[in-house]
Amino acid sequence: MTFIKLALATALGVLFTAGVFWLLWQLVNSPVEVGGIKEATRIDFTRMRRDTEVTSRREEKVERERPPVLPEVPRIAFSAARVDSNVAQLSPVIDARGALSRMTLSAGSDRDVLPLVRISPDYPPRALARGIEGWVIVQFTISETGTVKDPVVVEAEPSDIFDEAALKAVARWRYNPRVEGGVAVKRVGVQTIIRFQLQG
């Protein structure tokens, strides 16, 4: 029974496959009538939108903001004359025990020290902001070449406010050295007082 069904199914499958191939062969070999060739319609693409007119505009001048005017920075001067407001004035005074106390010239080539360069100290910002004034007495040695050696603060009022500024400035001072017997010698124990004053 199973063998008969298998043989019948195989026969039907072969007949169906042969029929499909025969149908495809008929479709491929049958003549097809082609009508006359029509000319293709020409399509023109035109722009319907017009270009907008270009108008040149000058850019408006933009006024730039001017930078704010900075306040005048306080300066320190050795001059005893009054200066403008908001300007710090420093009036260093050489003490009577200092370098200028013996600036008399004796006979021959002997002479005492003579100041050449005195650098103004910077007014400490903290003291300037608080309006603090004061003075510092500095003692130092003038070497044979006229440079300042070993500057130290002897006394100050107020203490530890102007000390550093005074020492830095004095260390940059220059002198004509002391001369004895035609030979330059160092001068020990020179003292000077530097006053920090604000003139309003």
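Data for the structure
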| quantity | calculated |
| --- | --- |
| Estimated inter-spin distance, residue 188 and residue 18, nm [label 7 Å along Cα→Cβ] | 14.2 nm |
| Segments 15-23, 135-143 sorted - mean Cβ within 10 Å per residue, highest first | 135-143, 15-23 |
| In range of the label at residue 114: residues from the stretch 149-180 whose backbone nitrogen is under 19 Å from the point 7 Å along Cα→Cβ | 173-180 |
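The numbers here are math on the coordinates, done by the rules we state, and not lab data. Because the structure is predicted, anything quoted here is derived from the model rather than measured. Glycine also receives a Cβ, built like all others from the backbone with ideal geometry; neighbour counts cover every protein chain displayed.
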